[in-house]
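Below: one structure, written as C-alpha cells.
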Amino acid sequence: MDFMRRNIDVWWPHVEAGAEAIVMTASGCGALVKEYAQGTEYLVDAVSWRGKHRVIDVRRYLKDTGTLLYDYADTLRPSEQRWQQLARYSIKCLAALGMQFGASHTEIIDDVEKGPVMIESAARACGGGAPEFMRHVLGTSQIEAHVEAMVRGVAWGPYQPPMPRKAART
C-alpha cells in the first residue's frame, strides 16, 4: 500500500499541471505517459533479422468514438502511399528501439497535425487469429516470415510483399 501511495505522490503534481492521462498497471508498478495524438490508428506487423526489418502487413483500425476496442481493421495494399509511409516510419521506430530479431507489432496514430506518432511497439507477433487470416489474404504471414528468418537466417533487403488477394477486414 505504501508503494502505491508513493506512486500517487510522484504523479500528483503532473495531474495538477494538466496531464491528460497516466496509465498504470494493475499492480501500480509501471506507468505509461504518452503524447496525445488524434487521427487514424494503424498497426504494422513486421519481422526483424540482424537488424533488417520486413514489414508484413499494415492495417487501419476502425473504432467507434470513445471506445478502446476496434470494430475491425482494413488491410492496406503495399501499393498505397499510406502503406509505404507507415512501413518506412515503423522501420525507423524499430531501428531506434534496437530491434534486431523476431516479430514486432507496432501501433501508430497518423495525427492530423503531426503525422505518424508511435503509440507502442512490442516484440511480439500480432495476436488472435490475425497471422492465419493474413496468410489467406497475403499468401504469407508474420509467423511464416518469422520461422523463415529463424530457419534460413534470411537477411532481407528492400521488401515488397505480395499484393493482397482481396480487400480484407479482420
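A compact table of results
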quantity: Members of the range 132-147 that are open to solvent by 50 Å² or more (accessible area, probe 1.4 Å) and out of contact with any strand residue (DSSP E or B) (no Cβ under 8 Å at 6 or more places or on another chain); calculated: E132, F133, R135, H136, E144, V147
quantity: Set M118, M99: member being in a strand (DSSP E or B) and open to solvent by 20 Å² or more (accessible area, probe 1.4 Å); calculated: M118
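Okay, residues lined up against (1) closer than 24 Å to A122 by Cβ; (2) modelled with pLDDT of 90 or more; (3) among the acidic types (D, E); (4) loosely packed, with under 13 Cβ neighbours inside 10 Å:
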{"residue": "M4", "(1), (2), (3), (4)": "no, no, no, yes"}
{"residue": "E16", "(1), (2), (3), (4)": "no, no, yes, yes"}
{"residue": "L43", "(1), (2), (3), (4)": "yes, yes, no, no"}
{"residue": "V47", "(1), (2), (3), (4)": "yes, yes, no, no"}
{"residue": "G51", "(1), (2), (3), (4)": "yes, no, no, yes"}
{"residue": "T75", "(1), (2), (3), (4)": "yes, no, no, no"}
{"residue": "P78", "(1), (2), (3), (4)": "yes, no, no, no"}
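The values are calculated or read from the model by the stated rules, or taken from the named source; none is laboratory data. None of the values given here were measured: they were computed from a predicted structure. Methodologically, a virtual Cβ is constructed for each residue, glycine included, from the backbone with ideal geometry; neighbour enumeration extends over all protein chains shown. Ligands, DNA and RNA are excluded from the accessible area calculation, which covers all protein heavy atoms including side chains. Shrake-Rupley method; radii C 1.70, N 1.55, O 1.52, S 1.80 Å.
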